[in-house]
1. Cα centroid distance between the range 275-324 and the range 104-169, in Å?
2. Taking Cα centroids, how far is the range 51-69 from the range 189-223 in Å?
3. Sort 75, 282, 347 so the one with the fewest other Cβ atoms within 10 Å of its own Cβ comes first.
4. Largest first and in whole Å, give the semi-axes of the range 21-514's equivalent ellipsoid, each being the square root of 5 times a Cα gyration tensor eigenvalue.
5. If I take R0 = 22 Å and measure r between the Cβ atoms of residue 146 and residue 67 in this structure, what FRET efficiency does the formula 1/(1 + (r/R0)^6) give, to the nearest 0.05?
6. At 7 Å along the Cα-to-beta-carbon direction for both residue 201 and residue 351, put a label point, then send me their distance in nm to one decimal.
7. Name the residues of the range 92-115 whose amide N is less than 13 Å from a point 7 angstrom out from the Cα of residue 86 along the C-beta direction?
8. At 7 Å along the Cα-to-beta-carbon direction for both residue 460 and residue 288, put a label point, then send me their distance in nm to one decimal.
């Protein structure tokens, strides 16, 4: 969503592999509720990629300069086990993910010292760059061509011990100063280093203080909580998002942590080193904090009402499965920044389970709807789960509405079930996704349909009709189980689906190319 440098562009669709329970369960629940049948109509073409090793993460990105509006795909994988495990970044630029064997596809080894990676374009360097962060600092390598790597040392190093398992992407590079120039945020014990990447003679990195905290276990030889290790540390850096807080049109930085939300207002000189304002929060009472590991906090900044200003969403989960209690509070930004001091504009409450939230723009109008999933759990639900091998969940899609109880209006509600594979300890089939399958601007759904197949439910805004219609077509997928990502990879206005499994190195990465055959699709696709 930014010009030079092209940072990875997030979709308006929620990726369904987010840590939040809502992202995982929500769409699956919706799709499994369909009862209509349809034969395999093959509206997508199957493209298989034999990725080296075990696929760990898949990221649709917009980094390369693609004249046809197509998108890139970054695949992170690992091969072998510690201490000699190798990690790889497979980069598929400008729609090449739709053409297995395309010579533009690059497989790049990731340095053994790397803890996380990112991809970005940087001034003075040709093509997309792979950035890897380690205890020593930042390493920059070209994904295309072979210019010399660039090393940026960080004074005193970074608190990043070696990572023997796997690899992941850390969104490090953006125009954090809101000046169109690329910079990297790298983690420190008290926040982050802000590193200017726009030029070789850039000023030295500077610190940004953030609300960071950690949990610890120390050596304890006695029962009942034996800890043989000298010390175990788990550091929690805040959630980072960029949005306009104070209504000046600039994208400010939000650092959302368990006990505080720190906001940094971007100005002519970039981001300040200390927060422009702080919001203190006490999410749980003393009793809940005694078992802090069982309580979950998810804080979000989103423009929920389409006024371009950042609203705050506070989602709290506590009490465990049997006595779970979830509360979601929404605080709208009235012009100078949202506040937690007053009454929330909307409240969602659920008891007897775990309820999470996510966000989508169903109609592309700039107003986000809430996706709430409530996994109720008790003795009866446990018996049903064991007998039926299905996990029941309640799903709602909600819109802000001050005139409705709780400040929200229900657009869709259903009680549905997820099939479980007890042998492999996973959800059976491909985890569902949301995308625009027919190019009409509305979000559609896909659902697992039996063995190695998915079905498509198209979105509708017609009065009196369901938000998602019956199955309009089915597609075979050569995977027993896995996750999915959704993006318009070829720039024709129709979304593709990328399916993969991260538990078995043998199955391929599967890209489903949208052929424009579903009802409502344009008669001719945009030029590629």
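Every read-out reported here was derived from the displayed coordinates using simple, explicitly stated rules and does not represent laboratory data. A quick note: this is a predicted structure, and the numbers were derived from the prediction, not measured. All Cβ positions, glycine included, derive from the backbone under ideal geometry; neighbour counts span all protein chains shown.
1. 33
2. 28
3. 282, 347, 75
4. 34, 31, 26
5. 0.35
6. 6.8
7. Backbone N within reach: 107-112.
8. 4.0
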